[in-house]
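For reference, the structure discussed in these notes is given below.
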Amino acid sequence: MSIPLAILLSAVAMTVIVGVRYLLASAGFAFATRSKHPGLYRGLDAQIAKEIRWSLLSAAIYGVPAGIVAWGWEHRGWTAIYRDVHTYPLWYLPLSVLLYLFAHDTWFYWTHRWMHRPKWFRIAHAVHHASRPPTAWAAMAFHPIEALTGAVVIPLLVFVIPIHIGALALVLTIMTVMGVTNHMGWEMFPRFMWSGRLGGWLITASHHQRHHERYGCNFGLYFRFWDRVCGTDGGLGDFEKERARVARRANRAGGAGAGDAAGGHADRHA
């Protein structure tokens with residue numbers, strides 16, 4: 001097999017993996033939402049369909065660089081990914097995970113703030129904020145420009161920060177889980193993770209909810225460090241307010257005799 005064809009197949013395979021991972025994770029947490037908060041996504045069928053379409057497009061954008069780097073690591077020894085757990089001291093395993101999360105969070109914070117500049121918000125980031133409210137399906141609902149800024153960070157980090165393949169898998173799992181749960185409209189983590197001393201530094205759905213309410217604050221992904229340092233931490237969001245808005249939307253849809261999709265459309269333009 002030629003090298004270009006092998007790289008192409010690796011990119012396609014990684015795109016499928018990213019897409020399936022998104023669908024399984026979002027479907028799982030959407031099911032949990034339906035069980036825990038019935039009706040929370042009522043009237044949002046049309047919005048969710050758009051979120052899925054944008055997210056699957058993003059999966060391809062994420063999958064291509066990941067597939068290229070994966071081929072290079074496997075066949076040419078690219079990257080600092082290692083398989084032998086004893087290559088570095090065992091204490092480095094958790095440290096490498098924290099380094100990746102902090103580096104990713106730093107990249108995300110600053111690119112996210114950039115996406116909120118009026119020009120780039122209008123061109124790209126408005127796609128993500130069109131989800132009102134965001135759902136478990138909105139984690140990867142990005143314009144291609146924004147998807148590209150997110151797709152390159154992990155493939156670049158593996159060239160400069162050594163990491164065990166298992167630790168990298170953990171980083172990607174955390175990235176997926178937090179991306180989905182931060183948007184699903186309710187808090188699944190115990191109170192100590194989002195309130196109190198520890199919660200003052202971690203980002204969960206409670207913190208990211210406020211970003212989707214006010215736009216101009218809470219730009220981080222995993223940690224509140226940069227928001228606190230830069231004065232952009234807006235505190236925690238109000239889920240009860242959002243649920244009241246959902247109830248009003250459902251009532252309007254029912255009163256108008258329209259379907260769920262029509263109700264969602266009316267709310268987005270209210």
Please go through the stretch 213-229 and give me each residue that is over 17 Å from the mean Cα position of the chain (by Cα) and touching a residue at least 60 places away in the same chain (Cβ under 8 Å), ordered by number.
Gly216, Phe225, Trp226, Asp227
Being in a loop (DSSP other than H, G, I, E, B), at pLDDT 95 or above and more than 21 Å from Leu23 (Cα to Cα) narrows it down to one of Tyr109, Tyr88, so name that one.
Tyr88
In contact with a Gly (Cβ under 6 Å, 6 or more places away or on another chain), closer than 20 Å to Tyr22 by Cα and not hydroxyl-bearing (Ser, Thr, Tyr): which single residue out of Ala147, Ala70, Ala139 fits that description?
Ala139
If you check Ala124 against the conditions, is it touching a helix residue (DSSP H, G or I) at 6+ places or on another chain (Cβ under 6 Å), of a type in the set (Gly, Ala, Ser) and either buried (at least 21 other Cβ atoms within 10 Å of the Cβ) or within 15 Å of Leu56 (Cα to Cα) (or both)?
no
Name every residue in the stretch 170-202 that is buried (at least 17 other Cβ atoms within 10 Å of the Cβ), more than 12 Å from the chain's Cα centre (by Cα) and among the aliphatic types (A, V, I, L, M), in order of residue number.
Leu170, Val171, Leu202
Filter result for the condition that a residue is closer than 24 Å to His125 by Cα, of a type in the set (Gly, Ala, Ser) and open to solvent by less than 90 Å² (accessible area, probe 1.4 Å), over Ala70, Ala66
Ala66
Subset tally (residues that are in contact (Cβ under 8 Å) with a residue 60 or more places away in the chain and of a type in the set (A, V, I, L, M, F, W, C)) for the stretch 92-131
9
Among the residues of the stretch 158-166, are any at negative phi, surrounded by 17 or more Cβ atoms within 10 Å (Cβ to Cβ) and small (Gly, Ala, Ser)?
no
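Among Gly200, Gly231, which is the only one that is modelled with pLDDT of 85 or more and either aromatic (Phe, Trp, Tyr) or on the phi > 0 side of the Ramachandran plot (or both)?
Going through Gly200, Gly231 in turn, just one is modelled with pLDDT of 85 or more and either aromatic (Phe, Trp, Tyr) or on the phi > 0 side of the Ramachandran plot (or both): Gly231.
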Yes or no: Thr79 of a type in the set (Ser, Thr, Tyr) and at positive phi?
yes
Of the criteria (1) surrounded by fewer than 16 Cβ atoms within 10 Å (Cβ to Cβ); (2) on the phi > 0 side of the Ramachandran plot, which one Pro94 fails:
(2)
Can you name every residue in the stretch 137-156 that is buried (at least 19 other Cβ atoms within 10 Å of the Cβ), of a type in the set (A, V, I, L, M) and out of contact with any Phe, Trp or Tyr (no Cβ under 6 Å at 6 or more places or on another chain)?
Ala138, Ala139, Ala147, Ile154
Residue match in the stretch 33-46 (condition: assigned to a helix (DSSP H, G or I), among the small types (Gly, Ala, Ser), open to solvent by less than 30 Å² (accessible area, probe 1.4 Å) and in contact (Cβ under 8 Å) with a residue 12 or more places away in the chain):
no
Out of all the residues in the stretch 234-270, which are surrounded by fewer than 16 Cβ atoms within 10 Å (Cβ to Cβ), over 26 Å from the mean Cα position of the chain (by Cα) and at pLDDT 70 or above?
Arg248, Asn251
Can you pull out the residues in the stretch 3-62 that are over 29 Å from Leu170 (Cβ atoms), in contact with a helix residue (DSSP H, G or I) (Cβ under 8 Å, 6 or more places away or on another chain) and not hydrophobic (A, V, I, L, M, F, W, C)?
Gly39, Tyr41, Arg42, Gly43, Asp45, Gln47
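The values are calculated or read from the model by the stated rules, or taken from the named source; none is laboratory data. All values derive from a computational prediction rather than experimental measurement. Cβ atoms come from the backbone with ideal geometry, glycine included; neighbour counts cover every protein chain shown. Protein only, heavy atoms only, side chains kept; ligands, DNA and RNA dropped before computing areas. Shrake-Rupley method; radii C 1.70, N 1.55, O 1.52, S 1.80 Å.
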